[in-house]
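Notes for the one structure printed next.
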Amino acid sequence: MIKENTQSTQTGGAPDLQRKAAMALLAQATAQEIAAFWAEWSDKPDVETLRGPETGLVMLRGRIGGGGAPFNLGEATVTRATVRLGNGSVGHAYALGRHREKVRLAAVFDALWQRPECRQDVQQGVLEPIANRLKQEQEATRAETAATKVDFFTMVRGDD
Amino acid sequence: MYVAVKGGEAAIRNAHKLLADRRRGDRDVASIQLDQIVEQMSLAVDRVMAEGSLYDPELAALAIKQARGDLIEAIFLVRAYRTTLARFGYTKSLETAQMRIERRISATFKDLPGGQLLGPTFDYTHRLLDPELADDTPIEAPEQRDEPDVPTPRVTDILGHGGMIEEDGELPEGAVAGDLTREPLTFPLERDLRLQALARGDEGFLLGLAYSTQRGYARSHPFVGEIRIGEVEVELEVAELDFPLTLGSIRVTECQMVNQFKGSSKQPPQFTRGYGLVFGQSERKAMSMSLCDRALRARELGEDITATAQDEEFVISHSDNVQSTGFVEHLKLPHYVDFQAELDLIRRMRAEHERNRLEGEETKEAAE
């Protein structure tokens, strides 16, 4: 395994949480949108692929009764990649599904995000659009579900 | 002596070519696309993912197309595919309490916090065929309602506060969840392995068993405490990073079945529970699973084992439709030599029978 020694994972705490959030968004990007972000990216670095992109399985776990001990529910396909940029920055990506190019680009953006000089651009040009799309989709689903909420009312019977 | 017989290569090759032709059907009709299957046959896709035990909608759609819509064949294809891939690890447990809910109902509490959310359900439809669907009639966008994002606590937690219902199931200290894809099953099983087997079990088989419990074979007087359908995040811990990674979200259906009481001299009576969790939107399967889970807890709960649905070895050994179809369907493959041996045996038995009959007649004649 390629162990990180960049600042962000060494320090723990908040930077880790930021990177975790960034990687979560990259994992949820669509293949089309991440390809478009990469196409628009100016000053593309050299990218060396250290691992993958390769597809494998993870065993998903549920919990007995919903909150109890874990049990193995079934598997899902996952694709992962690790890349190194010309400047030495190493990026990882894992995402559900089998979109290899998407995951390779996610690893590239993870590597870019770790470079202080690039972080702002990744944040604004890549992560925020993904986050906004996800938020919109989730809010639409929530509002559509809310419209199917049952409003109970009591029938008053008889004449009083 | 073993005699190998070769033959039929050309017939098999041509049969598969014919299969490909029949699968394609009339060339004047457009070939169905995988995204059409994912979008418009989504519950078939969900069933293939659940029983194929592999979450990947595009792969399930491909399997359905390849299997000409035969879902058990599609499940078989998915199971075969998964054996070609390496396992990266086990995810953290899915937190269904954090689900982004698309449907959530309770048959036990009318006014539960967060409300009864019907979602995209067949319930309350009239089950009348809709001729308009035969055409490409435009479909309106769904209604939306602005609601504050209120928490939707699990019904079992609401009941749990008073100790009126048993807690979520725990395993003995230090137990690691068993994995039937890695170790052959040995009975009796713990609940974790039973749930894994049930989650991939055949919907029809589990539905029939669940129905049998309602009809009085291992009656448990069930109520649907809660069904919830929606998306949950998947997290994986990997060696190269110090924090769990979010891989994306999957849709699951969860059923909390609340059943009649259990108590002892030490413990006051409380409701017992059965649990169902299934990939995709599949509440019939999740409900069946929870009823079977509850029935199969008979030993743990000290109940008499009187019905098939309580017989762990019977239920779990026959719930997997890939195993079942493999063994049932293998009967149609050539058994010429086996059957030749049987023919030989029955000829000898019949000859012996005839000899005995003749001898009997001779003895009878001699006696007369």
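The values are calculated or read from the model by the stated rules, or taken from the named source; none is laboratory data. In this text, all values refer to a predicted model and were calculated from it rather than measured experimentally. Note that each Cβ is placed from the backbone with ideal geometry, even for glycine, and that neighbours are counted across all protein chains shown.
Among the residues of the stretch B:179-213, those that are part of a helix (DSSP H, G or I) and either over 19 Å from the mean Cα position of the chain (by Cα) or among the acidic types (Asp, Glu) (or both) comprise B:Asp192, B:Glu203. Applying the selection to the stretch B:99-113, what residues are surrounded by fewer than 18 Cβ atoms within 10 Å (Cβ to Cβ) and within 11 Å of chain A (Cβ to nearest Cβ)? The answer is B:Arg100, B:Lys110, B:Asp111.
Beta carbons closer than 6 Å, at least 6 apart along the sequence or on distinct chains, never pair a first residue in the stretch B:336-352 that is under 22 Å from B:Lys6 (Cα atoms) with a second that is surrounded by 10 or more Cβ atoms within 10 Å (Cβ to Cβ) and among the charged types (D, E, K, R).
Which residues, taken from the stretch A:22-35, are exposed (fewer than 14 other Cβ atoms within 10 Å of the Cβ) and closer than 11 Å to A:Ile130 by Cβ?
Residue satisfying the conditions is A:Thr30 alone.
Just one of (1) closer than 30 Å to B:Phe271 by Cα; (2) aliphatic (A, V, I, L, M); (3) more than 9 Å from chain A (Cβ to nearest Cβ) fails for B:Ala50. It is (3). Taken together, A:Gly97, A:Gly74, A:Gly66 contain a single residue that is at pLDDT below 95, on the phi > 0 side of the Ramachandran plot and in contact with a strand residue (DSSP E or B) (Cβ under 9 Å, 6 or more places away or on another chain), which is A:Gly66.
Restricting to the stretch A:76-90, and then to whatever is free of Cβ contacts under 8 Å to residues at least 40 places away in the same chain and of a type in the set (A, V, I, L, M, F, W, C), can you tell me which residue is nearest to B:Arg47 (Cα to Cα)? If we take residues in the stretch A:76-90 being free of Cβ contacts under 8 Å to residues at least 40 places away in the same chain and of a type in the set (A, V, I, L, M, F, W, C), then A:Ala76 is nearest to B:Arg47 (Cα to Cα).
Conditions (1) within 15 Å of B:Gly201 (Cα to Cα); (2) surrounded by fewer than 16 Cβ atoms within 10 Å (Cβ to Cβ), marked per residue:
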residue: B:Pro269; (1), (2): no, yes
residue: B:Tyr275; (1), (2): yes, no
residue: B:Leu296; (1), (2): yes, no
residue: B:Glu312; (1), (2): yes, no
residue: B:Gly326; (1), (2): yes, yes
residue: B:His330; (1), (2): no, yes
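For the stretch B:256-267, state whether one or more residues are in contact with a helix residue (DSSP H, G or I) (Cβ under 6 Å, 6 or more places away or on another chain) and not aliphatic (A, V, I, L, M).
Checked the stretch B:256-267: at least one residue is in contact with a helix residue (DSSP H, G or I) (Cβ under 6 Å, 6 or more places away or on another chain) and not aliphatic (A, V, I, L, M).
Applying the set (1) crowded, with 22+ Cβ neighbours inside 10 Å; (2) among the hydrophobic types (A, V, I, L, M, F, W, C); (3) at pLDDT 95 or above to B:Ala218 leaves exactly one unmet item: (3). In the stretch A:30-75, of all residues being in contact (Cβ under 8 Å) with a residue 60 or more places away in the chain and touching a helix residue (DSSP H, G or I) at 6+ places or on another chain (Cβ under 6 Å), the one that is nearest to the other protein chains (Cβ to nearest Cβ) corresponds to A:Ala31.
Just so you know, in the stretch B:132-167 the residues that are part of a loop (DSSP other than H, G, I, E, B) and in contact (Cβ under 8 Å) with a residue 60 or more places away in the chain include one that is farthest from B:Pro268 (Cα to Cα), and it is B:Thr152. Does B:Leu77 qualify as being surrounded by 14 or more Cβ atoms within 10 Å (Cβ to Cβ) and out of contact with any strand residue (DSSP E or B) (no Cβ under 9 Å at 6 or more places or on another chain)? Taking the combined requirement at face value, the residue satisfies it.
For (1) in a helix (DSSP H, G or I); (2) among the small types (Gly, Ala, Ser); (3) over 19 Å from B:Arg154 (Cα atoms), each residue gets a yes or a no:
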{"position": "B:Thr272", "(1), (2), (3)": "no, no, no"}
{"position": "B:Tyr275", "(1), (2), (3)": "no, no, no"}
{"position": "B:Val278", "(1), (2), (3)": "no, no, no"}
{"position": "B:Gln281", "(1), (2), (3)": "no, no, no"}
{"position": "B:Lys285", "(1), (2), (3)": "yes, no, yes"}
{"position": "B:Ser290", "(1), (2), (3)": "yes, yes, no"}
{"position": "B:Arg299", "(1), (2), (3)": "no, no, yes"}
{"position": "B:Glu303", "(1), (2), (3)": "no, no, yes"}
{"position": "B:Ala309", "(1), (2), (3)": "yes, yes, yes"}
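Within the stretch A:91-109, the set of residues being in contact with a helix residue (DSSP H, G or I) (Cβ under 6 Å, 6 or more places away or on another chain) and touching a residue at least 40 places away in the same chain (Cβ under 8 Å) comprises A:His92, A:Ala93, A:Ala95, A:His99, A:Lys102, A:Leu105, A:Ala106, A:Phe109.
Taking A:Ala81, is it touching a His at 6+ places or on another chain (Cβ under 8 Å), buried (at least 19 other Cβ atoms within 10 Å of the Cβ) and over 25 Å from B:Leu117 (Cβ atoms)?
Details: touching a His at 6+ places or on another chain (Cβ under 8 Å): yes; buried (at least 19 other Cβ atoms within 10 Å of the Cβ): yes; over 25 Å from B:Leu117 (Cβ atoms): yes.
Considered against the rule, which asks whether it is touching a His at 6+ places or on another chain (Cβ under 8 Å), buried (at least 19 other Cβ atoms within 10 Å of the Cβ) and over 25 Å from B:Leu117 (Cβ atoms), A:Ala81 comes out as yes.
Only one of the numbered conditions (1) surrounded by 13 or more Cβ atoms within 10 Å (Cβ to Cβ); (2) without any contact (Cβ under 8 Å) to a residue 12 or more places away in the chain; (3) over 30 Å from A:Val78 (Cβ atoms) is not met by B:Leu128, and that is (1).
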